[in-house]
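Data first, discussion second: the structure below is written as structure tokens.
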Amino acid sequence: MREVFAGVDVGGTRIKIGLADRSGQLISCKFLETVGCHDTETFLETVAAEIETQAKAASVTVEAAGIGCPGRIDFTSGRIVWLRSKLEFLEGVPLALRLGERLACPVVCDNDVNTILAGEMRFGAGRGCRDVVVAITVGTGIGGALAFGGRMVRGHNWAAGHFGYMSHDPHGDRHVCGNTGIVEEYASQSGILLQVRRAWEAGEVSPLTELLARGKEPGLRELFQAADAGDAVGRRLTERLTFELGALIANLIYALDPELVLVGGSIVNHRPSILDAARREVAGRLNYLPQDATEILPMALGDAAGVLGGAALAMDATTQTEQGPRAQGEEK
């Protein structure tokens, strides 16, 4: 009988829900807007109902489900410890337990980038890696995840992988996270918006500042379009982004000596060639190691990464390679 698992990718504006089998074949997948989820009960009902609808349409039974969610997640209990987004009402909620009760099957919950890395290691670019693997996602912010020997490293406080909060300039501006001169302020969509706003306030003329003046927020797509058109602000910010990303990867290689660094998120979708530029930046910083000592590759699962990662977590848990989802559903 075909074993089927549900994967849930929770974002601030959209939730992606899908079903997959053990081979990683995606059976179904759908986006839901979070705008209708105003409280925990509505959220749980929305997610559970969609999983059940997809399972019924495919005439399958869901063995277990995995949820990837932003923030700090207590993986042993499936409880959301810290979350700052449009879904702040989920903070403190034992999400794995509550959704498991609603679905009547085991559920496991983890940080969203940990979940993506779990999918890449089972189905994507990380297959077969048994040493240190580093994952970096660049989108609205910068997220990260680590795996040693095929097992996720989540940290004592469930906070491992916050690479975007690392400081490249100790004398830079202080971020809300508490650190100064952080990578995320130059190498993410939110960081680019901040830098464009500063350029606008300084009177610089650019397609990017013109967008801002019209009440629109330029993102990575608009940044690269401006740079390609020869815009000075766009080129400067693109060069700084590449510099910051390359320096971050080099620092992680010095710290962890990984077998593989995977880079994903909207930055790779909008500018695949950014990795070539980042590799050159890394190579210029790593005379200590052979240039091919660490592979730097794009993530392979694309838009399905979060869903397949959730399914992978559920599979791992049911085969006891990680803390089982039934243990996440037990009261302490």
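Relative to the longest principal axis of the C-alpha atoms of the chain, give the angle of the C-alpha long axis of helix 274-283, reported between 0 and 90° and rounded to the nearest 10°.
Long axis of 274-283 versus the principal axis of the chain: about 70 degrees.
What are the ³J(HN,Hα) values, in whole Hz, obtained from phi via the Karplus relation 6.51 cos²θ - 1.76 cosθ + 1.60 with θ = phi - 60°, for each residue of the stretch 3-15 in sequence order, with x given for Gly and Pro?
Computed from phi, the couplings for the stretch 3-15 are 8, 10, 10, 9, x, 10, 10, 8, x, x, 10, 9, 10 Hz.
Report the full-extension gain for the segment ARG130 to LYS216: residue separation times 0.36 nm, less the Cα-Cα distance, to one decimal in nm.
Working: separation 86, 0.36 × 86 = 30.96 nm, distance 4.46 nm.
Stretched fully, the ARG130-LYS216 segment lengthens by 26.5 nm.
Measure nothing but the geometry: give the 0 to 90° angle between the long axis through the Cα atoms of 305-318 and the longest principal axis through the Cα atoms of the chain, rounded to 10°.
40
Report the full-extension gain for the segment PHE31 to VAL81: residue separation times 0.36 nm, less the Cα-Cα distance, to one decimal in nm. Could the numbers behind the result be given before it?
Values: separation 50, 0.36 × 50 = 18.00 nm, distance 2.50 nm.
So the extension gain works out to 15.5 nm.
Looking at the stretch 128-299, what % of its DSSP beta bridges pair antiparallel, to the nearest 5? Let's see the in-between values first.
Working: 12 of 21 bridges.
For the stretch 128-299, the DSSP antiparallel bridge percentage is about 55.
How far apart, in nm, are the 7 Å Cα→Cβ label points at GLN291 and LEU194?
Those two pseudo-labels are separated by 3.3 nm.
In whole Hz, what ³J(HN,Hα) sequence does the stretch 167-183 give by Karplus (6.51, -1.76, 1.60; θ = phi - 60°), x for Gly and Pro?
Listing the rounded values in order: 8, 9, 9, x, 9, x, 5, 7, 8, 4, 5, x, 8, 10, x, 6, 4 Hz.
Relative to the longest principal axis of the chain, what angle (0 to 90°, nearest 10) does the C-alpha long axis of helix 40-58 take?
70
Calculate, axis by axis, the spread of Cα positions in the stretch 128-299 along the three principal axes, and write the results as whole Å, longest axis first.
Cα extents, longest axis first: 50, 33, 26 Å.
Give me the percent relative contact order of the chain, please, defined on Cα pairs under 8 angstrom at least 6 residues apart.
Details: 685 pairs, mean separation 71.7, N = 332.
Reported as a whole number, the value is 22 percent.
What percent antiparallel are the DSSP beta bridges of the chain, to the nearest 5? All intermediate terms of the calculation are to be shown ahead of the outcome.
Working: 30 of 50 bridges.
Percentage antiparallel, nearest 5: 60.
What does the extension gain come out to for THR180 and GLN225, with contour length at 0.36 nm per residue minus their alpha carbon separation? Show your work: numbers first, answer last.
Numbers: separation 45, 0.36 × 45 = 16.20 nm, distance 2.93 nm.
Length gained between THR180 and GLN225: 13.3 nm.
Taking the Cα centre of the chain as the origin, how large is its charge dipole in debye, to the nearest 20, when only Lys and Arg (+1) and Asp and Glu (-1) carry charge on their Cβ atoms?
Working: 32 positive and 42 negative charges, 27 e Å.
Value, rounded to 20: 140 debye.
Among LYS16, LYS30, what is the fewest-to-most ranking by other Cβ atoms within 10 Å? List each step's numbers first, then the result.
On the way: LYS16 21, LYS30 13.
Starting with the residue having the fewest Cβ neighbours, the order is LYS30, LYS16.
Cα gyration tensor of the stretch 216-270, axes a ≥ b ≥ c as square roots of the eigenvalues: rounded (a/c below 1.5), prolate (a/b > b/c) or oblate?
Numbers: a/c = 3.37, a/b = 2.10, b/c = 1.61.
Prolate, because a/c is 1.5 or more and a/b exceeds b/c.
Using Cα-Cα distances under 8 Å and only pairs 6 or more residues apart, what relative contact order does the stretch 53-131 have, in percent? Present the calculation step by step, with values, prior to reporting the outcome.
Working: 108 pairs, mean separation 24.6, N = 79.
In percent, rounded to a whole number, it is 31.
Shape verdict for the stretch 239-315, please, from the Cα gyration tensor: rounded (a/c under 1.5), prolate (a/b greater than b/c) or oblate. Mind showing how you got there, number by number?
Numbers: a/c = 2.68, a/b = 1.53, b/c = 1.75.
Oblate.
Calculate one ³J(HN,Hα) per residue across the stretch 31-39 by plugging θ = phi - 60° into the Karplus curve 6.51 cos²θ - 1.76 cosθ + 1.60, and present them in order as whole Hz with x for glycine and proline.
After applying 6.51 cos²θ - 1.76 cosθ + 1.60, I find 8, 10, 7, 7, 4, x, 9, 9, 8 Hz.
Show that you can apply the helix-only estimate: for the chain, add -39,500 (n - 2.57) for every DSSP H stretch of four or more residues, divide by all residues, and state [θ] at 222 nm to the nearest 500.
Working: 11 runs with 127 residues, N = 332.
Computed mean residue ellipticity for the chain: -11500 deg cm²/dmol.
Around VAL93, which amide H atoms from residues at least 5 apart in sequence, or from another chain, sit under 5 Å from its own amide H, with H modelled in the peptide plane?
Under 5 Å from the amide H of VAL93: ILE80.
Work from the charge dipole of the stretch 33-184 (Cβ charges, +1 for Lys and Arg, -1 for Asp and Glu, about the Cα centre) and give the residue of GLY155, PRO106, ALA58 farthest towards its positive end.
Going by the charge dipole, the pick is GLY155.
For ASP276 and SER23, FRET efficiency with R0 = 35 Å and r from the beta-carbon atoms, rounded to 0.05? Write down the numbers at each step before the final one.
Details: r = 32 Å, r/R0 = 0.91.
So, using R0 = 35 Å, E works out to roughly 0.65.
Please sort 219-227, 54-62, 155-163 by packing, taking for each peptide the average over its residues of neighbouring beta carbons within 10 angstrom, highest first. Could you put the intermediate results ahead of the total?
On the way: 219-227: 20.6, 54-62: 14.6, 155-163: 16.9.
Listed from highest to lowest mean packing, they are 219-227, 155-163, 54-62.
Quick one: the Cα spread of the chain along its three principal axes, in angstroms, biggest first?
So the extents along the principal axes, rounded to whole Å, are 59, 48, 35.
Coordinate-derived values only; no laboratory data. Since the model is a prediction, treat every value here as computed from it, not as a measurement. All Cβ positions, glycine included, derive from the backbone under ideal geometry; neighbour counts span all protein chains shown.
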